[in-house]
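The values are calculated or read from the model by the stated rules, or taken from the named source; none is laboratory data. Everything numeric in this text was worked out from a predicted model, so none of it was measured. No Cβ is skipped: glycine too gets one built from the backbone with ideal geometry, and neighbour counts run over all protein chains shown. The area values use the complete protein model at the heavy-atom level, side chains included, leaving out ligands, DNA and RNA. Shrake-Rupley method; radii C 1.70, N 1.55, O 1.52, S 1.80 Å.
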Amino acid sequence: MSSRAVLPRRTSIVGTVALLLLLTAARIGNTDAFVGKPHPCPKVPSSSLDIRRATKALYGNTVQPPVPPMPMNIPYGEESRKYRRTVYTHDDWIKHRSPNRFVRNAISTFRSGIYKNVWKQVRVVTAIAIFVVVWNALTGGWTDLRGLQHAGPFQRQKSILPMLSLPMAPFNLASGSLGLLLVFRTNTGYQRWDEARKNWGMNINRTRDLVRMGTAWYDMKGVSAEKRKTDLNDLVLATWAFVRAMKRHLSPERDDEDEFRRELYKRLPERQAQAIIDAEHRPNRALFDLSVAIENLPMHWLRKDEIHKSVTTFEDNLGSSERLLTSPVPLFYSRHLERFMFFWLLGLPFALYHTFDGFWNNFALIPAIVGISTFMFGIEELANQLEEPFTILPMQTFCDKIYNWCTEIVSWRPGDNGMRVNTPTIEQESVSNIDIAVFNGDTTASGDDVIE
């Protein structure tokens, strides 16, 4: 048989292989493995209010309730961030340290929200890898399933249509710089998340401290039990109103505005709730109300001054959180890293092509590029998700627990557990007043002076 008769047959076989590879590329471009089809998914909680209704145990005690399971097929993006608001219990830590965690996390790879969010970029890099494999088969030859070598249909035009490849050295030289940029990016993202979490941790500590001091130092002289209950309840509500207003201040309006209004109208007097809602800066208005509630407590002004230090801490935490929300990592840094990584990965299939010469038609290049680009883009996506930390922090859980704990604290009274309580005598209070006056520079104070 002449070579002229064989050439059309070989060309048709090459065309068939090329068609199969292109169909594979098209399938990858429309695969459901990561992103899923936009078909209706099972009904899920549509707001944090619905989520908390599904976990009523939160209101009855201070034990973290089970977190609602994340739906499998919802598109990953802004809506899924509410399911990242994790609060761990001891059982969660046991699972977290489980020796099976590697296998469990490997199995869930195709359900990972991080990888779903970067799959568009991965598809582009994968398409480049498929193109390189097909092009080099057409211009440099290919191997059939029986292991026979065949010339590519465009091999004779090699001077015009050369095989596509690049040396690996430039990528090796650039990989160190890319790694440093990624490390700094992820570290900065985590530091921002950690600072936001510490701000809320300080809020939790200071709210309990403030209410504890207000309850323990409340002066019952000439005050009815009903008046004490009202004053301390006002203190609790004002404390809760601040953290709830701060949560709303740091959350997207579409996610929290309606629920915020409902909660304020439910727990606060109508005029007080309306004043906070109408304020241009709601947390500041809530802090003002908290200061008023502290001043209404019957106790020595030095003790009030000590309680007000917690209010100053709240203002510091609020300012720190506002800085994180309004000031991202400098955009020129993020954009340079994203361009660097994208073009580095786009060129990688050309550099790795000959690395897979030992595989059938270098086909292993394609899955290798899928894995490398997925995990590389995933590292940058981790930093991007951490950079704005508030929509992945369980702030609503923090607010609910603060309300529960503070409400419990004001239900206690000195001596209600049989513990002995010392009440200062008139002489002791007089000596204390003299010490305060001397501390303030008044050397003429006597035991008859009364400092209000």
Filter result for Pro99 (at pLDDT 85 or above, more than 28 Å from Ala383 (Cβ to Cβ) and not hydrophobic (A, V, I, L, M, F, W, C)): yes
Give me the pairs, please: first residue somewhere in the stretch 260-286 and more than 15 Å from Met246 (Cβ to Cβ), second residue anywhere and open to solvent by 50 Å² or more (accessible area, probe 1.4 Å), beta-carbon distance under 7 Å, and either six or more positions apart or on two chains. Ala273/Tyr265; Ala275/Arg285
From the set of residues in the stretch 212-226 that are small (Gly, Ala, Ser) and in a helix (DSSP H, G or I), which is nearest to Arg413 (Cα to Cα)? Ala216
Of all residues in the stretch 280-306, which are among the polar types (S, T, N, Q) and in a loop (DSSP other than H, G, I, E, B)? Asn296
If you scan the stretch 323-348, which residues turn out to be in a helix (DSSP H, G or I), touching a residue at least 60 places away in the same chain (Cβ under 8 Å) and either among the hydrophobic types (A, V, I, L, M, F, W, C) or farther than 30 Å from Leu173 by Cβ (or both)? Leu324, Leu325, Leu337, Phe340, Met341, Phe342, Trp344, Leu345, Leu346, Leu348
Just one of Ser310, Ser334, Ser291, Ser321 is over 30 Å from Pro269 (Cα atoms), open to solvent by less than 80 Å² (accessible area, probe 1.4 Å) and not acidic (Asp, Glu); which is it? Ser334
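For every residue, the table says whether it meets (1) open to solvent by 60 Å² or more (accessible area, probe 1.4 Å); (2) more than 17 Å from Ile379 (Cα to Cα); (3) under 22 Å from the mean Cα position of the chain (by Cα); (4) among the acidic types (Asp, Glu).
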site	(1), (2), (3), (4)
Val87	no, yes, yes, no
Asn105	yes, no, yes, no
Thr109	no, no, yes, no
Tyr115	no, no, yes, no
Trp119	no, no, yes, no
Val125	no, no, no, no
Ile128	no, yes, no, no
Ala137	no, yes, no, no
Gln149	yes, yes, no, no
Within the group Leu181, Leu164, which residue is outside any helix (DSSP H, G or I), touching a residue at least 40 places away in the same chain (Cβ under 8 Å) and either more than 30 Å from Ile307 (Cα to Cα) or touching a strand residue (DSSP E or B) at 6+ places or on another chain (Cβ under 6 Å) (or both)? Leu164
